[in-house]
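Structure first, commentary second.
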DNA sequence: ACTAGTGTTATATGTATATAATACACTAAT
DNA sequence: ATTAGTGTATTATATACATATAACACTAGT
């Protein structure tokens, strides 16, 4: 995985895992790899991985059983809300930033259309 | 100005200034406020403001005359390229992230449409 | 009981960011 | 020449992030 240097790695890892959960690459209720394994996979220090996981737990996306492992939440409402929130954030950012650059709504459509044709 | 805690302040300031240049709030060739004044306006330390400005100069967006002040570049090609690059980056990010969340192209249109109706 | 595999915590080190305070270097107007 | 207003540079301090290394705490299977 490539890391953006301007944003903390643990946040980028959280985002990656959230995407995998939302797209059911990691289905609800499923066990996720141990922090040590994940740290190796993400090529990152154990503490950094631990931070990502504990934040994900704090957000309710995963839950943890000490000595056993971590699991994707079973709460479907949480997962639906997560997907909504992530896409909502993306489109809001896109629109507001484009407006700040002086683009009209029609231009936004056109630019999106053009990008998708690639 | 509100700052996002996850990305360096000097980068956020650079982005703000670039937007003002692209939208001609700061027209080409125009003098921009001194680093000291800007530091106060952006409620930031002089050194942080200086970093933002020197990076903007390195990118060719502004140019500086020691003892005199800093000015928006006169090079219209640079300004056009800047706007293109910024909007291109926005739409690319939007599309690729939405894909990673599992949305289809049609869904992207719909979500954008819905957001703009607000 | 033991052990291997979990999550969790702690200490030390290096780097980047941001602030604070101070000084230096140049330009234009007086 | 002096001065006020520019950009520029230096040093010190604090904080967040990431790493390295080591240890602690819990669980399940043997």
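Evaluated against (1) more than 12 Å from every other protein chain (Cβ to nearest Cβ); (2) part of a helix (DSSP H, G or I), residue B:86 falls short on exactly one condition, (1).
Which one of these is within 16 Å of DNA strand D (Cβ to nearest atom), surrounded by fewer than 19 Cβ atoms within 10 Å (Cβ to Cβ) and more than 19 Å from residue B:6 (Cβ to Cβ): A:37, A:78? Step by step, each of A:37, A:78 is checked, and only A:37 is within 16 Å of DNA strand D (Cβ to nearest atom), surrounded by fewer than 19 Cβ atoms within 10 Å (Cβ to Cβ) and more than 19 Å from residue B:6 (Cβ to Cβ).
Pick out the one residue from B:48, B:6 that is modelled with pLDDT under 95 and either within 16 Å of DNA strand C (Cβ to nearest atom) or closer than 21 Å to residue A:94 by Cα (or both).
Values: B:48 fails: modelled with pLDDT under 95.
After ruling out the rest, the residue left standing is B:6.
Residues of region A:89-104 being over 19 Å from residue A:18 (Cβ atoms), assigned to a helix (DSSP H, G or I) and more than 7 Å from chain B (Cβ to nearest Cβ), which ones? Let's see the steps before the verdict.
Applying the first criterion (over 19 Å from residue A:18 (Cβ atoms)) to region A:89-104 yields A:95-104.
Checking the rest, the ones that are also assigned to a helix (DSSP H, G or I) come to A:95-100.
The answer is A:96, A:99.
Taken as a whole, region A:89-108 holds no residue that is in contact with a helix residue (DSSP H, G or I) (Cβ under 8 Å, 6 or more places away or on another chain) and within 16 Å of DNA strand D (Cβ to nearest atom).
Restricting attention to region A:41-61, does a residue exist that is more than 16 Å from DNA strand D (Cβ to nearest atom) and surrounded by 12 or more Cβ atoms within 10 Å (Cβ to Cβ)? Let's see the steps before the verdict.
Step one: of region A:41-61, the residues more than 16 Å from DNA strand D (Cβ to nearest atom) are A:60-61.
Remaining after also requiring surrounded by 12 or more Cβ atoms within 10 Å (Cβ to Cβ): A:60-61.
Yes, because at least one residue in region A:41-61 is more than 16 Å from DNA strand D (Cβ to nearest atom) and surrounded by 12 or more Cβ atoms within 10 Å (Cβ to Cβ).
Taking region B:1-79 as the region of interest, the helices (runs of 4 or more DSSP H) fully inside it that hold 3 or more residues being within 14 Å of another protein chain (Cβ to nearest Cβ) are B:9-22, B:46-58. Residue A:67 meets the conditions (1) on the phi < 0 side of the Ramachandran plot; (2) loosely packed, with under 13 Cβ neighbours inside 10 Å in every case but one. The failed one is (1).
For (1) more than 22 Å from residue B:107 (Cα to Cα); (2) without any contact (Cβ under 8 Å) to a residue 24 or more places away in the chain; (3) not assigned by TED's automatic domain parsing to the domain that holds residue A:111, each residue gets a yes or a no:
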| residue | (1), (2), (3) |
| --- | --- |
| A:40 | yes, yes, yes |
| A:45 | yes, yes, yes |
| A:49 | yes, no, yes |
| A:56 | yes, no, yes |
| A:81 | no, yes, no |
| A:95 | no, yes, no |
| A:98 | no, yes, no |
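The values are calculated or read from the model by the stated rules, or taken from the named source; none is laboratory data. None of these values were measured; they are calculated from a predicted model. Here Cβ is always computed from backbone atoms with ideal geometry, including for glycine, and neighbour counts include all displayed protein chains.
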